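A short write-up of the structure that comes next.
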Amino acid sequence: MKFGYFDDTRKEYVITSPKTPLPWINYLGSESFFSLVSNTCGGYSFYKDAKLLRLTRYRYNNVPYDSNGHYYYIKDGDTIWNPGWMPSKTELDTYCCRHGLGYSVFEASKNGLSAVLTDFVPVGASCEVNKLTLTNMSKGLKEIDLFSYVEFCLWNAMDDMTNFQRNFSTGEVEVHGSEIYHKTEYRERRNHYAVFAVNAPIDGFDTDRDTFLGAYGENSAPAVVVNGKSGDSVASGWAPVGSHHLKITLQPGESRDLIFVLGYVENKPEEKWVGLNQINRAPALALLEKFNTVEKADAALAELASYWENLLSHFSVSSEEKKLDRMVNIWHQYQCMVTFNMSRSASYFESGIGRGMGFRDSCQDLLGFVHLIPDRARERILDIAATQFEDGSAYHQYQPLTKKGNADIGSGFNDDPLWLIAATATYIKETGDYTILDERTPYDNDDSKATDFMEHLRRSFLYTVTHLGSHKLPLIGRADWNDCLNLNCFSEEPGESFQTFGPSEGPVAESIFIAGMFVRYGKDYVTICRHRGLEEEAVEAEKAIAAMEKAVIEAGWDGEWFMRAYDAHGDKVGSKDCEEGKIFIEPQGFCVMAEIGKDQGLCQKSMESVEKYLDTKYGIVLLQPCYTKYHVELGEITSYPGGYKENAGIFCHNNPWISIAETVIGRGDRAWQVYTRTCPAYLEEISEVHRTEPYVYSQMIAGKDAPNFGEAKNSWLTGTAAWTFLNVSQFILGIRPDYDGLMIDPCIPKNLKGFEVARTFRGIDYHIEVLNPEHVEKGIAKLIVDGKEVSGNTIPFDSNMVGKSVHVTAVMG
Ligand code: GLC
Ligand code: GLC
């Protein structure tokens with residue numbers, strides 16, 4: 001069952017019923033100001049950091065779902081309705097929500113009145129613009145009352161939700177004409193406030209929630225809206241809100257446009273005031289000025305469209321497979337941008353207060369993002385590296401606003417350092433920019449401890465070399481990629497966090513996953529060393545990598561697949577000898593991507609075992625058989641009921657690892673099958689089962705052991721975004737940036753006749769035509785670049801071609 005459809009021409013998903021199984025959301029903003037908006041106008045805004053600078057309040061885990069948003073109430077006679085259906089839930093005559101790139105449009109009508117609401121965050125401005133067009137489609141006169149409504153958050157979202165003895169007394173506002181200012185804590189240490197305004201004179205306003213809603217009132221029918229009259233209330237303490245009242249008269253056929261703006265404004269400390277407790281509104285007025293007419297708002301919307309047009313032009317595919325084109329050209333890249341911006345902090349499943357930016361998460365997000373805006377990728381890499389410790393280990397998370405490591409979580413995740421090498425290698429392959437290696441970069445944000453960035457990579461690499469266990473495999477620390485495989489923690493008390501409880505180190509437990517990572521990304525480290533002329537170091541690194549491969553083959557191969565780990569007692573994890581959890585997905589993906597034991601046939605065997613033991617119709621589960629008991633020596637992974645999350649869920653993030661691994665051994669049909677099974681557009685028809693948005697990935701789909709097999713959870717912010725784009729663009733379609741040029745190495749289903757890709761790479765526009773006349777899965781028989789045949793499958797980078805177009809024909813065979 002579907003709840004909408006893809007409009008590929010407009011690059012939108014059009015939702016045709018407000019009653020989606022879960023809120024289906026969109027992200028507005030791509031620089032500093034962000035809003036989340038659902039298909040029923042739920043959501044909230046923040047500036048840079050969802051925890052520390054939240055503008056509007058959202059109620060997580062509320063009933064009904066998705067409570068609080070930026071709402072517009074229309075009172076037409078006795079009928080009260082909203083363009084996004086919520087919160088009045090009045091049945092609409094027509095409804096649709098178009099989620100597009102950085103904007104959402106709600107088109108609704110009721111009793112002959114139509115409302116079109118367009119929400120977006122303009123490029124280069126710290127605000128959300130809501131353009132509302134009301135049209136009288138009836139034959140009679142319409143006299144309606146319109147009320148806007150936002151509920152302000154008192155900035156720190158955590159404090160806002162918990163510290164009521166303080167924050168019921170701190171709320172302050174100021175109202176000037178049609179502008180409502182939220183200035184809580186501005187009198188003391190904050191130099192910022194929010195403004196909510198409309199570009200027309202108003203007939204009333206409210207800033208006090210109790211006045212607006214009424215005693216025991218609800219969002220669905222606020223007292224002020226029911227009575228058709230604002231209270232002109234000025235909030236003092238309690239819960240400040242922003243609501244405008246406009247009386248609107250429309251002749252038959254007449255339309256009226258209104259532009260509402262919710263903005264974030266900062267003042268210099270010495271320019272905060274213009275009088276006693278009178279805020280300096282000048283920067284707010286300047287902001288509002290930019291969008292105060294329909295023409296200006298439309299121009300900003302057009303600018304946003306060209307911003308996205310330009311970003312998405314760096315990579316596009318055209319093939320006979322419509323869903324592939326749609327996902328690659330629009331939604332995969334869009335999701336990559338959003339996860340780059342948010343990491344795992346703010347979605348409808350991540351409250352924005354728990355986690356800042358993850359070290360490993362952000363590094364992986366770069367893999368899918370770097371071709372979009374390389375400069376921001378560079379900045380991000382250096383920000384992440386600045387939270388590293390001097391021994392190469394790292395804070396697991398950091399706050400985006402302060403860019404400082406998050407001491408509550410601490411460190412000890414022993415895969416973290418290697419992800420920095422992965423991100424950097426990807427950046428250098430994309431840009432050819434080795435100067436990043438010379439950047440002075442602090443440790444633990446302490447400038448006095450800075451070294452060049454190359455030294456950070458060295459310490460990342462050496463961290464693994466110097467933390468090996470008795471099998472010469474990497475010590476796992478608190479956990480590796482799988483946060484829930486906690487081999488050193490031994491938690492027995494309810495409520496203890498597996499992420500922080502117990503020792504983060506242990507001298508025994510080893511990870512074969514980290515071993516695979518080390519071999520794969522170690523090879524990049526070697527290349528980078530050679531490029532800097534560090535031949536001796538490169539040779540030493542190669543020796544360490546060879547030793548690791550040997551250790552994996554000797555102590556990490558289980559006969560049919562790669563084992564997962566050794567626990568703190570030295571017992572096997574992910575082996576046929578285990579009662580439960582005999583085989584795990586992660587080491588199969590990474591050891592095969594690293595080509596460990598490829599010549600001996602281990603890679604082939606490992607992939608066959610994945611297919612045999614882990615495959616389901618909805619994707620590959622993380623492990624089998626699922627854990628049915630709590631194992632104190634394994635930790636959180638055994639805390640989840642079977643089929644959920646890391647305990648045998650279909651963790652979407654590592655499905656692309658298998659797809660990539662399949663391309664390593666040349667199985668294009670299987671790589672494609674793995675790709676499409678979890679790909680949202682291919683699941684659109686079963687939206688009632690899948691439940692989350694059919695245009696983006698979710699973290700997890702319930703595995704075959706779960707009663708709700710096939711049901712996805714935790715959409716939007718997942719490493720799947722980057723890994724999928726990497727997989728499909730670089731390994732399936734095979735257009736792969738390398739250190740010295742652009743490699744063409746497709747691995748596709750044999751019935752695909754070919755495809756075309758437009759790829760901007762280091763300033764050159766490549767038009768690549770891949771033909772598959774022999775119906776093979778992999779292999780390039782002929783590569784023709786601008787009419788000349790080139791040997792091998794890499795187009796060497798030629799700086800003379802920057803700014804020009806290059807035509808490439810690649811014939812598979
Ligand atoms: C979550 C985390 C990620 C982790 C994964 C597996 O997605 O964000 O860091 O690797 O779970 O536990
Ligand atoms: C839980 C989740 C895991 C996530 C971790 C960090 O352990 O199961 O996916 O990575 O929390 O917040």
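The values are calculated or read from the model by the stated rules, or taken from the named source; none is laboratory data. From a predicted model like this one, the values you see are computed outputs, not experimental measurements. Because the Cβ atoms are built from the backbone with ideal geometry, glycine has one as well, and the counts that use them run over all protein chains shown. The accessibility values were calculated without ligands, DNA or RNA, using every heavy atom of the protein model including side chains. Shrake-Rupley method; radii C 1.70, N 1.55, O 1.52, S 1.80 Å.
Measuring how big the stretch 364-495 is from its alpha-carbon positions, Rg and Dmax come out at 15.4, 51 Å. Secondary-structure-derived ellipticity at 222 nm for the chain, considering helices only, amounts to -7500 deg cm²/dmol, per-run term -39500 (n - 2.57) for DSSP H runs with n ≥ 4. Considering only PHE291, HIS332, LEU312, and ranking their Cα positions along the charge dipole of the stretch 282-369 that arises from unit charges at the beta-carbon of Lys, Arg, Asp and Glu, the one farthest toward the positive end is HIS332. Taking all protein chains together and a 1.4 Å probe, the residues GLU554, GLU693, GLU321 rank GLU554, GLU321, GLU693 from largest to smallest accessible area. The alpha carbons of the stretch 357-414 give a radius of gyration and a Dmax of 11.3, 33 Å, in that order. Direction-averaged projected area, Cα convex hull, the stretch 316-401: 6.7 nm², rounded to one decimal. The residues of the stretch 39-156 expose, per residue, 28 Å² of accessible area to a 1.4 Å probe. Rg/Rh for the stretch 580-729 (Cα atoms only, Rh after Kirkwood) is 0.96. In this view, the solvent-accessible surface of LEU285, computed with a 1.4 Å probe and all protein chains in place, comes to about 70 Å².
Our note on the geometry: Cα centres of the stretch 376-418 and the stretch 48-98, 37 Å apart. Treating each Cα of the stretch 412-477 as an identical point scatterer and summing with the Debye formula, the log10 of I(q)/I(0) at q = 0.22 Å⁻¹ comes to -0.97. Per-atom-type breakdown for the chain gives carbon and sulfur 50% of the accessible area (1.4 Å probe, protein chains only). Filter the GluC sites (Glu not before Pro) in the stretch 93-190 down to the DSSP loop ones having no more than 10 other Cβ atoms within 10 Å, then list what survives. Within the stretch 93-190, the qualifying GluC sites (Glu not before Pro) (loop, at most 10 other Cβ atoms within 10 Å) are GLU188. With distances taken between every two different alpha-carbon atoms, the stretch 652-755 has a Kirkwood hydrodynamic radius of 14.4 Å. Heavy atoms of the protein chains alone define the surface here; on that basis the stretch 583-650 has 32 Å² accessible area per residue at 1.4 Å probe size. Both radii are taken from the alpha-carbon atoms of the chain; with Rh as the Kirkwood radius, Rg/Rh is 0.99.
Go through ALA394, LEU485, ALA377 and say which Cα lies farthest out towards the positive end of the charge dipole of the stretch 373-507; charges sit on Cβ, +1 for Lys and Arg, -1 for Asp and Glu. Projecting each Cα onto the dipole axis, the largest value belongs to ALA377.
Whole-Hz Karplus values for the stretch 725-733 come out as 5, 4, 4, 6, 7, 9, 10, 6, 6 Hz, taken residue by residue from phi with 6.51 cos²θ - 1.76 cosθ + 1.60 and θ = phi - 60°; glycine and proline positions read x.
Heavy-atom accessible area, probed at 1.4 angstrom with all protein chains present, ranks SER319, SER606 as SER319, SER606, highest first. Normalised Debye scattering of the stretch 442-487 at q = 0.16, 0.17, 0.22 Å⁻¹ gives log10 I(q)/I(0) of -0.61, -0.67, -0.85, counting only Cα atoms as equal scatterers and leaving out solvent. Over all Cα atoms in the stretch 62-142, the spread is summed up by Rg and Dmax: 13.7, 42 Å. For the stretch 542-594, the direction-averaged projected area of the alpha-carbon convex hull comes to 4.0 nm². Per-residue Karplus couplings for the stretch 220-237, computed as 6.51 cos²θ - 1.76 cosθ + 1.60 with θ equal to phi - 60°, are listed in order as 5, 8, x, 3, 4, 6, 4, 7, x, 8, 5, x, 6, 7, 10, 5, 9, x Hz, Gly and Pro entered as x. Considering only HIS690, GLY597, HIS631, the residue lying farthest towards the positive end of the dipole of the stretch 594-727 is HIS631, judged by Cα position with unit charges set on Cβ.
Note that the stretch 302-433 presents 26 Å² accessible area per residue, ligands and nucleic acids not counted, probe 1.4 Å.
When only the Cβ of Lys, Arg, Asp and Glu is charged (+1, +1, -1, -1), the dipole of the chain relative to its Cα centre reaches about 1060 debye. Heavy-atom accessible surface of ASP391, to the nearest 10 Å², is about 80 Å², with a 1.4 Å probe and all protein chains retained.
Hey, how many Å between the Cα centroid of the stretch 728-759 and the Cα centroid of the stretch 457-474? Taking the Cα centre of the stretch 457-474 as reference, the centre of the stretch 728-759 is 34 Å away. Of all DSSP bridge pairs formed entirely within the chain, close to 95 percent run antiparallel. Building the convex hull from the alpha-carbon atoms of the stretch 190-280 and averaging its projection over directions returns 7.9 nm². Heavy-atom accessible area, probed at 1.4 angstrom with all protein chains present, ranks LYS131, LYS323 as LYS323, LYS131, highest first. Spatial offset of the stretch 214-232 relative to the stretch 633-648 amounts to 47 Å, using the alpha carbon center of each.
The Kirkwood radius of the stretch 89-213, taken over pairs of alpha-carbon atoms, gives through the Stokes-Einstein law at 10 °C and 1.306 mPa s a diffusion coefficient of 91 µm² s⁻¹. Stokes-Einstein diffusion for the stretch 442-527 at 20 °C, viscosity 1.002 mPa s, with a Kirkwood radius from C-alpha pairs, works out to 147 µm²/s. Our summary of shape: the Cα atoms of the stretch 475-615 have principal axis extents of 53, 35, 23 Å, ordered from largest down, in whole angstrom.
Stokes-Einstein, applied to the Kirkwood radius of the stretch 554-650 over Cα pairs at a viscosity of 0.692 mPa s and 37 °C, places its translational diffusion at 243 µm² s⁻¹. Taking amide H positions as modeled 1.01 Å from N, with prolines and chain starts lacking one, the residues under 5 Å from GLY506 and 5 or more places away or on another chain are GLY477.
Across the chain, C-alpha contacts under 8 Å between residues 6 or more apart give a mean separation that, scaled by the residue count, equals a relative contact order of 9 percent. Rounded, prolate or oblate: which fits the stretch 1-144 when a ≥ b ≥ c are the square roots of the eigenvalues of the alpha-carbon gyration tensor, with rounded for a/c under 1.5 and prolate only if a/b beats b/c? Prolate, because a/c is 1.5 or more and a/b exceeds b/c. For the stretch 487-557, the Kirkwood estimate of hydrodynamic radius, built from reciprocal distances between every pair of different alpha carbons, is 14.5 Å. Under 5 Å from the amide H of ASN280 lie the amide H atoms of TRP273, VAL274, each residue being 5 or more positions distant or on a separate chain, with H modelled from the backbone and absent for Pro and chain starts.
Per residue, the Cα convex hull of the stretch 728-806 amounts to 86 Å³. Computed with a 1.4 Å probe on the full set of protein chains, the accessible area for ILE202 sits at about 40 Å². Listed by chain and number, the lysines placed with their C-alpha closer than 16 angstrom to that of LYS605 are LYS576, LYS582; residues fewer than eight positions away on the same chain are left out.
Separation of the alpha carbons by more than 21 angstrom is noted, of LYS19/LYS323; LYS51/LYS183; LYS645/LYS704; LYS429/LYS523, for LYS19/LYS323.
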